[in-house]
Amino acid sequence: MLLIRRLRDTALTLTRQLNKTSLSFKRGYSYSIKDAIVLQINGETLKFPHIWLRDNCQCEQCFHPSAKSRILDWSKFNLDSKPTEVHKDENSVQVTWDDGHTSRYRLDWLKFRSFTEENQQQYETELYKPPKVTWKGEDFQKICTINDYNEIVSTDEALYKWLKDLSTYGVSLIRNTPSDDTAIDAILQRVGFPKQTHYGLKFIVQNVPNTSNVAYLSSNLQMHTDLPYYGYCPGVNLLHCLVQTNSDGGENTLSDCHYIANYMKEHHPDQYKILTNTEVEWSDIGVENGNEFYKLYRSPVICVDKCDHVWRINFSIPQRGSHFPGPIELVKPWYEAYSLFFELNRKFSASFKVDAGSILVFDNIRLLHGRNQYQDSGENVRKLIGAYIDWDEVYSRLRSLKVKLEKRSYY
Ligand SMILES: [Zn+2]
């Protein structure tokens with residue numbers, strides 16, 4: 001009898017706890033409705049935790065308006081602040097806290113930051129990062145947009161459209177670029193800052209015997225990502241074609257590794273797992289312009305975040321070192337998975353020849369790129385000017401442009 005009562009009491013306590021924490025129980029946090037203010041905004045019932053509201057007070061003692069930054073003294077922050085009075089009018093809500101401090105929030109400001117999954121998703125796609133759309137070789141003509149050099153340089157609308165296409169599909173072309181070694185500079189300046197590497201702020205891709213990098217040869221350049229041996233790997237690759245070869249070959253091949261990763265996850269889950277879990281040592285050792293470099297970086301081929309979303313791809317046959325940082329039993333299965341990944345990239349790749357005057361722009365941590373063998377002649381020497389930009393700069397420019405073009409403030 002006693003046991004039954006104990007069991008019943010335990011069940012009752014558990015039910016009470018579940019009711020209390022049901023708000024976000026599925027995410028595994030303990031959270032009580034008593035710790036939040038519930039507001040009706042545009043017909044939606046939205047909950048805002050006290051601690052978050054107090055932290056995000058918008059008054060000038062707590063938040064610097066021109067720096068758009070929190071300035072409250074964290075050493076004095078009370079994690080258990082409670083409101084003593086809440087007053088809502090048409091456009092805002094005023095909260096008086098138990099220490100006497102008063103905060104005011106605009107309702108649209110609150111709604112934009114609300115904790116519902118739908119609102120959080122909307123913020124992510126509208127402002128944080130545009131969602132990616134994956135593709136395979138046969139889709140390439142449809143997804144690779146062609147943008148005009150002069151329009152990008154002179155209008156914000158064209159710049160925004162180009163960067164959005166680039167972030168969505170991971171590739172786009174710019175046409176009508178002046179035939180000048182420095183023409184790419186205006187594009188780099190429109191976005192932000194180029195990323196310098198040991199190959200320089202910009203680099204020339206041309207056939208060079210005794211080269212420091214196999215990209216500077218005219219032989220077949222197998223599909224790869226650039227600079228996987230950088231921990232802070234340049235995100236976007238720009239290649240301005242000044243002179244295209246008139247021999248056979250010289251075509252670029254491109255593949256979307258996000259498509260390949262999804263494909264492997266579905267059809268080859270064991271190999272997918274090996275490529276996401278096994279670290280590889282990427283390397284580049286040598287001298288360029290008198291500067292010695294010895295770059296090493298360990299990272300899997302497919303890097304995924306905690307939600308199993310791919311965020312970075314590393315792949316290079318020449319720039320993979322011979323030190324294998326894993327256990328000996330993983331060696332053969334890893335090579336098999338790596339080989340399958342390469343084959344799938346070839347199978348689902350697009351191949352095309354870039355015209356002189358075009359800049360091929362692509363996501364260097366998402367796509368593999370390669371180039372077929374070609375032949376220079378006395379009067380025709382293939383020449384590209386290359387540069388890198390980080391995704392931080394691209395996303396930053398996209399958000400600034402969005403706010404400017406939509407005449408909207410997200411603060
Ligand atoms: Zn305040």
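Counting only strands (runs of 3 or more DSSP E) that sit wholly inside the range 49-140, those with at least 2 residues that are under 33 Å from the mean Cα position of the chain (by Cα) are 102-106.
A count restricted to the range 211-240 and to residues that are of a type outside the set (A, V, I, L, M) and more than 21 Å from residue 280 (Cα to Cα) stands at 8.
Each row is one residue, and each column tells you yes or no for (1) of a type outside the set (Asp, Glu); (2) outside the structural domain of residue 110 (by TED's automatic domain parsing); (3) within 14 Å of the ligand (Cβ to nearest atom).
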| residue | (1), (2), (3) |
| --- | --- |
| 33 | yes, no, no |
| 60 | no, no, yes |
| 76 | yes, no, yes |
| 86 | yes, no, no |
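Is there a residue in the range 140-163 that is surrounded by 15 or more Cβ atoms within 10 Å (Cβ to Cβ), within 27 Å of residue 351 (Cβ to Cβ) and touching a Pro at 6+ places or on another chain (Cβ under 7 Å)? No; the residues of the range 140-163 include none that is surrounded by 15 or more Cβ atoms within 10 Å (Cβ to Cβ), within 27 Å of residue 351 (Cβ to Cβ) and touching a Pro at 6+ places or on another chain (Cβ under 7 Å). Select, from 242, 227, the only residue that is in a loop (DSSP other than H, G, I, E, B) and either touching a strand residue (DSSP E or B) at 6+ places or on another chain (Cβ under 8 Å) or touching a residue at least 60 places away in the same chain (Cβ under 8 Å) (or both). The unique qualifying residue is 227.
Can you say whether residue 315 is modelled with pLDDT of 95 or more, under 28 Å from residue 240 (Cβ atoms) and part of a helix (DSSP H, G or I), as far as the supplied structure shows?
Working: modelled with pLDDT of 95 or more: yes; under 28 Å from residue 240 (Cβ atoms): yes; part of a helix (DSSP H, G or I): no.
Against the criterion (modelled with pLDDT of 95 or more, under 28 Å from residue 240 (Cβ atoms) and part of a helix (DSSP H, G or I)), residue 315 does not qualify.
Conditions tested, residue by residue: (1) in the same structural domain as residue 213 (by TED's automatic domain parsing); (2) outside any strand (DSSP E or B); (3) at pLDDT 95 or above.
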site	(1), (2), (3)
247	yes, yes, no
253	yes, no, yes
259	yes, yes, yes
262	yes, yes, yes
271	yes, yes, yes
274	yes, yes, yes
296	yes, no, yes
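Do we find that residue 322 is over 26 Å from the mean Cα position of the chain (by Cα) and within 21 Å of residue 233 (Cβ to Cβ) in this structure? In short, yes.
The values are calculated or read from the model by the stated rules, or taken from the named source; none is laboratory data. Since this is a predicted model, take the numbers as computed values, not measurements. No Cβ is skipped: glycine too gets one built from the backbone with ideal geometry, and neighbour counts run over all protein chains shown.
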